[in-house]
Amino acid sequence: MATFEPIGRVTCPQRYRYEAPRQGVLRPDNHAVIELLPGNDYEQALTGLEGFERIWVIFELHLNESWHPLVQPPHEGASRRGLFATRSPHRPNRIGLTCVRLLGIDGLNLSVAGHDLLDATPVLDIKPYLPYADAFDDAAIGWLEDVPVRHYSLSFDDDAATRARWIFEHGALDCDNFARVQLMQDPTDAERKRISAKPTPGDFVIAYRTWRLDYVVMDEARSVRVTGIRSGYSTEDLVAGSADRHDDKELHRAFVQQFSAP
């Protein structure tokens with residue numbers, strides 16, 4: 001049996017699995033800080049790393065507890081595949097690997113971008129990315145050769161953007177990041193996401209914890225437009241004294257008061 005001790009932790013706004021993109025390159029502006037632990041001469045171990053544009057981060061998938069030999073790939077309509085033929089995070093050993101942009105080093109803190117990590121992720125190792133050794137652009141990609149990948153652009157209506165900013169400032173939940181992670185690929189995949197179709201064709205709603213994002217999918221233009229953000233609680237749910245399992249109803253009451261029609 002092998003045991004590993006983390007060399008550091010990740011600090012970033014993303015706390016839940018559904019806030020992290022499938023691959024870090026899909027959210028190139030996602031920033032995080034890798035905070036190495038003091039007292040281990042890691043300052044010396046970082047010598048020379050500042051000249052590399054990208055680094056490999058080996059980390060623990062700390063939120064995962066089980067794995068399955070067959071998994072459902074995150075592509076709408078794709079059939080089940082063997083775990084080892086996928087990049088599923090649910091592995092027999094909870095080891096993850098990601099390649100991120102290194103923005104800078106300040107003491108024991110490494111600023112990175114383009115990541116698919118979560119807050120408090122234990123970091124096991126760091127290595128420099130070497131294009132001549134790590135990139136094989138002409139490599140075959142197996143069953144993924146036959147999977148059409150459709151990317152959608154995403155925009156927010158002005159009112160939806162205002163509400164997203166309010167929720168982030170008052171509740172520390174990033175609706176903008178969530179929408180981009182969940183809706184820029186497979187924006188109608190109700191099998192794997194908390195998506196419901198609305199009566200009007202092309203209109204959908206997706207749940208982000210106790211919030212609801214309304215959006216329109218325009219397939220021909222390959223675009224998604226978030227048209228509104230609202231509380232997932234009913235009026236009855238928000239009555240004072242009602243059970244508050246997620247401890248956030250006071251925030252929702254303030255939101256409803258802030259954005260209720262005059």
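The values are calculated or read from the model by the stated rules, or taken from the named source; none is laboratory data. All values derive from a computational prediction rather than experimental measurement. Positions of Cβ are backbone-derived with ideal geometry, glycine not excepted, and every protein chain shown enters the neighbour counts. Remember, those area values only see protein heavy atoms, side chains included, never the ligands or the DNA or RNA. Shrake-Rupley method; radii C 1.70, N 1.55, O 1.52, S 1.80 Å.
Within the range 41-51, the residues that satisfy the criterion of being part of a loop (DSSP other than H, G, I, E, B) and either open to solvent by less than 80 Å² (accessible area, probe 1.4 Å) or within 30 Å of C175 (Cβ to Cβ) (or both) are L46, G48.
Yes/no per residue for (1) closer than 22 Å to R192 by Cβ; (2) modelled with pLDDT of 95 or more:
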| position | (1), (2) |
| --- | --- |
| G48 | no, yes |
| W56 | no, yes |
| E65 | yes, no |
| A78 | yes, no |
| T98 | yes, yes |
| D106 | no, yes |
| N109 | no, yes |
| P122 | no, yes |
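Taken over the range 1-45, the residue count meeting the criterion of being more than 30 Å from Y208 (Cβ to Cβ) and touching a helix residue (DSSP H, G or I) at 6+ places or on another chain (Cβ under 8 Å) is 2. Evaluating P28 against the criteria (1) under 29 Å from T3 (Cα atoms); (2) outside any helix (DSSP H, G or I) leaves one unmet condition, (1).
Okay, residues lined up against (1) among the aromatic types (F, W, Y); (2) open to solvent by 50 Å² or more (accessible area, probe 1.4 Å); (3) more than 22 Å from R9 (Cα to Cα):
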| position | (1), (2), (3) |
| --- | --- |
| P69 | no, yes, yes |
| P74 | no, yes, yes |
| G82 | no, no, yes |
| A85 | no, yes, yes |
| H90 | no, yes, no |
| P122 | no, no, no |
| I141 | no, yes, yes |
| R150 | no, yes, yes |
| D159 | no, yes, yes |
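Candidates are the residues of the range 247-262 that are of a type outside the set (S, T, N, Q) and either over 18 Å from A207 (Cβ atoms) or modelled with pLDDT under 95 (or both); the one that is most open to solvent (accessible area, probe 1.4 Å) is P262.
Please work out if A164 is open to solvent by 50 Å² or more (accessible area, probe 1.4 Å) and aliphatic (A, V, I, L, M). No: the conditions fail for A164. The set of residues in the range 54-89 that are out of contact with any helix residue (DSSP H, G or I) (no Cβ under 9 Å at 6 or more places or on another chain) and either farther than 25 Å from D189 by Cα or without any contact (Cβ under 8 Å) to a residue 12 or more places away in the chain (or both) comprises V57, I58, F59, E60, H62, E65, G77, R80, F84. For the range 210-236, taking the residues that are more than 22 Å from D158 (Cα to Cα) and open to solvent by 60 Å² or more (accessible area, probe 1.4 Å), the one that is modelled with the lowest pLDDT is identified as E220. Scanning the range 8-24 for residues that are surrounded by 20 or more Cβ atoms within 10 Å (Cβ to Cβ) and either modelled with pLDDT under 95 or in a loop (DSSP other than H, G, I, E, B) (or both) gives Q14, E19, A20, P21, G24. Checked against (1) in a loop (DSSP other than H, G, I, E, B); (2) among the polar types (S, T, N, Q); (3) within 20 Å of the chain's Cα centre (by Cα), N93 passes all but condition (3). For the range 95-117, give me each residue that is open to solvent by 20 Å² or more (accessible area, probe 1.4 Å), within 23 Å of F84 (Cβ to Cβ) and in contact (Cβ under 8 Å) with a residue 40 or more places away in the chain. Answer for the range 95-117, where residues must be open to solvent by 20 Å² or more (accessible area, probe 1.4 Å), within 23 Å of F84 (Cβ to Cβ) and in contact (Cβ under 8 Å) with a residue 40 or more places away in the chain: L97, C99, D116.
Against the definition (at pLDDT below 95 and open to solvent by less than 60 Å² (accessible area, probe 1.4 Å)), how does D186 come out, yes or no? Taking the combined requirement at face value, the residue satisfies it. Scanning the range 115-126 for residues that are closer than 20 Å to N30 by Cα and out of contact with any helix residue (DSSP H, G or I) (no Cβ under 6 Å at 6 or more places or on another chain) yields L117, L118, D119, A120, T121, P122, V123, I126.
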